[in-house]
Each structure stands twice: as C-alpha cells, then as structure tokens.
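Written below as structure tokens is the structure these notes are about.
No lab work stands behind these numbers, since they all come straight from the coordinates. None of the values given here were measured: they were computed from a predicted structure. So basically every Cβ, Gly included, is an ideal-geometry build from the backbone, and we count neighbours across all protein chains shown.
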Amino acid sequence: MALVPISELLQKAEEGGYAVGAFNCNNMEIVQAIIAAAEAERAPVIMQASQGAIKYAGIDYIVAMAKTAAEKATVPVALHLDHGTSFEQVMQCIRYGFSSVMIDGSKLPLEENIALTNRVVAVARAVGVSVEAELGRIVGTEDEISVTEREAFMTDPEEARYFVEKTGVDALAVAIGTAHGRYKGEPKLDFDRLEKIRSLVKIPIVLHGSSGVPDDQIRRAIELGVRKINIDTNIREAFVEKMREVLAADPNEIDPRKILGPAREAATEIIREKIRLFGSAGKA
C-alpha cells in the first residue's frame, strides 16, 4: 500500500470512536516493530519522525524505510512529521514524500501561529498532504514549572475554536496536562478543558506526551474525542531495557542482530498493547 494522509485514518477513527496510535521511529528496527504490531493487530498506524530522528537517520533513510514498510503492509500506514517548527523543514518533508506533517507554532503568539500554519496548509492541501497544528504548549517533564505556570501553557478552548476556524487544519494537538519524556509523578489530565475544546472544535484532537499516562485516563481522553495518540518514550524504554537484558546475560555478545532482534520484539509488544488500548485493533 502507498502511504496515506492521517486525515484519512482520523476520519475513520472519528466515525468509529477510537484513536490511532502515532509511534516515533528512529531506526530500522523500530520501523519494523511498528509495522509488525499494526499487522498483528490489524490496525491502521501512523509512523512519525521528529526533527531528532531526521537528523539521526537522515530524511532519505527515514522515507525509504517508511515507504518500504508501507508497500509491504496490508494495513494503512501514514508517515508523519512530528513537531516541525519551520516552514522550510515542513516543505522538505513534503518534497521527500511524507504523507502528513505537523507544523508546531505553539511557541508563537496566536496570530503568528495562525499565519505560519496557513502557509503550510496552502501548500500541503495542494499535494494531498494532511496537516496537524498545535495550540498551547506541551512541555517536557524536565521543565521546572509550577502548577499555575502549567495552567498558562494549556490550550484555551475559545482560542482553539478561533484557530481551527482560521486555519482549517486536519487535526489539532492540545495541551491538557501531558508532557514529553518520563513523568516524575502521575499525570493528571484536564478533562473539563478537553470536553470544552471538543464542544467547540469539530476536528480530530491529538494527545502528545502520552507515554506514562494511566490507561483509564487514555480511555477517557478517547471518549472525549482524542483521535491520535503519540507514543515515543514507552517504545524507547522497552527497546533499551531488552538490549540491557541481553547484554547483562551475555556481556561478550558482539552480534548486533542478537541484541537488536530481541529489542525489536519488545518494542513490537508494547506497540501492540497501545493499539489495543486505543481501540484501533481490527480497524484496518
């Protein structure tokens, strides 16, 4: 199958009341794990690459691996840019064949975020690529911020309505209490805020920083309209922990295949668990 835009996958998720998993890939083994999990669960899947992944693997390698994976897959696969922060970088991804892009202007004042997002939407629409944008800031777990400051970073429902009206994006990432990286305590999502956003915004909502969010909170977020859920940290943890286990059992092992193979299987397992949690198993 050819790569598909996320708008196609999220529209079906909207109709079916489930969420599609968006899993970050940095290397071949993780690409293979994402596809193996999606195939095993018969689920649509979003493979996404961050700026860090593109810098590490190279954009041509990322696209080649994703396209190969999608062509061999019997489930729908999207290739999505995660947190693109400049117009130029987003354009580069579109030129290379990404089927979906995220333009993250969340650090900009509202009108500047709208202007940047509109520039991206104008080009992406013309070539059938879908666009995700972000409103409110999803901070890192390492950021030292107080409760009141965290509140200030969260998405304002009325601004979300205005933003979507002015840009016509396909999906909107909102800040409702999740964070990137490993959580120090248990995250508490602001469901009242999510409900309010959802009542004003009629497009799929995206939840970033979802590794480590308890299952019951994820299920509630999906009930309230979240249709794309990003997972990265949980995959890294499973992958690296399995590598450590293999090397601890045999410190003299020098065959990368014997170290990375089991790590790939561990990543596949955690991705399968997330797909089942998101309700997208059997939806391909």
| message | What are the equivalent ellipsoid semi-axes of the chain, built from the alpha-carbon gyration tensor (square roots of five times its eigenvalues), in whole angstrom, biggest first? | response | 29, 22, 18
| query | For region 176-284, with only Lys/Arg (+1) and Asp/Glu (-1) charged at the beta-carbon, what is the dipole magnitude about the Cα centre, in debye rounded to 20? | reply | 580 debye
| Neighbour net charge for V246 - beta-carbon separation under 14 angstrom, K R +1, D E -1 | -2
| note | Going through K107/K166; K55/K184; K166/K196; K166/K188 one by one, the pairs whose alpha carbons sit over 24 Å apart turn out to be K55/K184; K166/K188
| task | Report the charge-dipole magnitude of region 6-278 in Debye, nearest 20, computed about the Cα centre from +1 at each Lys and Arg Cβ and -1 at each Asp and Glu Cβ. | result | 540 debye
| field | Degrees separating the helix 191-200 axis from the principal Cα axis of the chain, which is the longest one | value | 60 degrees
| task | Name the shape class, rounded, prolate or oblate, that the alpha-carbon gyration tensor gives for region 38-92, where a ≥ b ≥ c are the square roots of its eigenvalues, rounded holds for a/c under 1.5, and otherwise prolate holds if a/b is larger than b/c and oblate otherwise. | result | prolate
| Where does helix 59-72 land angle-wise versus the long Cα axis of the chain, in degrees 0 to 90, nearest 10? | 80 degrees
| request: Excluding residues fewer than 8 places away in the same chain, name every one of the lysines whose C-alpha is closer than 24 Å to that of K258. | output: K242
| query | Reachable lysines from K283, Cα under 20 Å, same-chain residues fewer than 8 places away excluded? | reply | K12, K72, K228, K274
| task | Restricting things to alpha carbons, tell me how big region 70-143 is in terms of Rg and Dmax, in Å. | result | 13.6, 43
| field | Residue (of G52, G105, M91) at the positive-pole extreme of region 33-136, dipole from beta-carbon charges | value | M91
| remark: Charge dipole of the chain built from unit charges on the beta carbon (Lys, Arg +1; Asp, Glu -1), centred at mean Cα; most positive-end Cα among G261, G282, N230 is G282
| note | In degrees, nearest 10, the alpha-carbon axis of helix 157-167 is tilted away from the dominant principal axis of the alpha carbons of the chain by 90 degrees
| task | Provide the per-residue ³J(HN,Hα) series for region 275-283, in order, calculated from phi with Karplus coefficients 6.51, -1.76, 1.60 and θ = phi - 60°, each as a whole number of Hz, with x at glycine and proline positions. | result | 4, 5, 4, 6, x, 9, 4, x, 9
| Over the Cα atoms of region 1-113, Rg to Rh with Kirkwood Rh, two decimal places? | 0.98
| Distance from region 18-43 to region 214-260 (C-alpha centre basis), Å | 11 Å
| note | Around I270 (Cβ within 14 Å, Cβ-to-Cβ, excluding I270; K/R +1, D/E -1) the net charge comes to -3
| field | Fluctuation leader among P157, P76, P256 - the chain, Gaussian network, Cα springs under 10 angstrom | value | P256
